[in-house]
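The values are calculated or read from the model by the stated rules, or taken from the named source; none is laboratory data. All of these numbers come straight from a predicted model, not from anything done at the bench. Using ideal geometry, Cβ is built from the backbone for each residue, glycine included, and neighbour counts are taken over all protein chains shown.
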Amino acid sequence: MPLDAAERHHARVVRAREGEEVEVFNGRGAGFFGVFGENAIRITAPAPDREAPAAIALAMAIIQLDKFELVVQKATELGVRAIVPLVTDRVELRAERYRGKHDRWRKIAFEAVKQSGRTLIPTIAEPTEFRDAVAREGAKIIFDADASPSTSQLSNSSTLFIGPEGGWSDEELRLAREHGCAFQRLGPRRLRAETAAIVATAIIAARCGGF
């Protein structure tokens with residue numbers, strides 16, 4: 001398996017030595033053990049499957065960029081298959097602030113995959129209007145501190161919706177109900193948006209056997 005320039009640089013950064021056993025992945029769900037060489041890795045055996053059994057997507061309102069990047073990193077570590085940056089009614093950032101950040105978010109996710117030992121790189125959508133994201137097919141869970149929780153059966157494919165610091169607008173809550181979303185809360189305390197995203201992802205992943 002030949003190494004490109006970026007991975008040869010990464011190998012130097014982590015001080016990989018020739019003949020050392022390393023772990024590699026193809027980004028599509030397969031991982032392998034191999035022996036490191038100067039310009040290539042000789043594959044020796046399959047690596048353990050560390051991917052979560054459930055296909056969880058996180059639809060996260062675009063918040064302050066450093067905090068949004070933290071969510072991308074931690075959600076990837078927790079096993080999400082997709083991240084959808086949401087444009088909601090109460091997003092405080094102007095569009096020019098997050099326009100063009102897609103490649104940076106993908107790089108953060110890629111580095112988190114390597115760090116956590118995953119083999120599947122989550123997809124990251126372009127910024128998406130809430131009304132478009134909530135209309136998609138499949139199980140959807142809206143996390144809202146003020147909503148009455150509704151009963152929902154866990155699905156192997158769910159999208160989790162986390163709003164901005166200002167919460168969801170009345171129109172967004174109406175659309176969520178119209179499109180059959182389940183409503184959940186995250187305990188008695190109000191959490192910041194980035195905390196809520198990480199906690200919600202961890203809880204649903206655990207319920208689906210991801211830990």
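A few points about this structure:
- In segment 145-186, residue surrounded by the most Cβ atoms within 10 Å (Cβ to Cβ) [restricted to those that are at pLDDT 95 or above and of a type in the set (Asp, Glu)]: 172
- Test: residue in segment 85-101 that is part of a strand (DSSP E or B), under 17 Å from the mean Cα position of the chain (by Cα) and surrounded by fewer than 21 Cβ atoms within 10 Å (Cβ to Cβ): yes
- Residue among 63, 41 that alone is touching a residue at least 12 places away in the same chain (Cβ under 8 Å) and assigned to a strand (DSSP E or B): 41
- Given (1) surrounded by 15 or more Cβ atoms within 10 Å (Cβ to Cβ); (2) at pLDDT 65 or above; (3) not basic (Lys, Arg), index of the condition residue 3 fails: (2)
- Yes/no for residue 105 being within 16 Å of residue 60 (Cα to Cα) and in a helix (DSSP H, G or I): yes
- Some residue of segment 97-111 being aliphatic (A, V, I, L, M) and over 25 Å from residue 169 (Cβ atoms): yes
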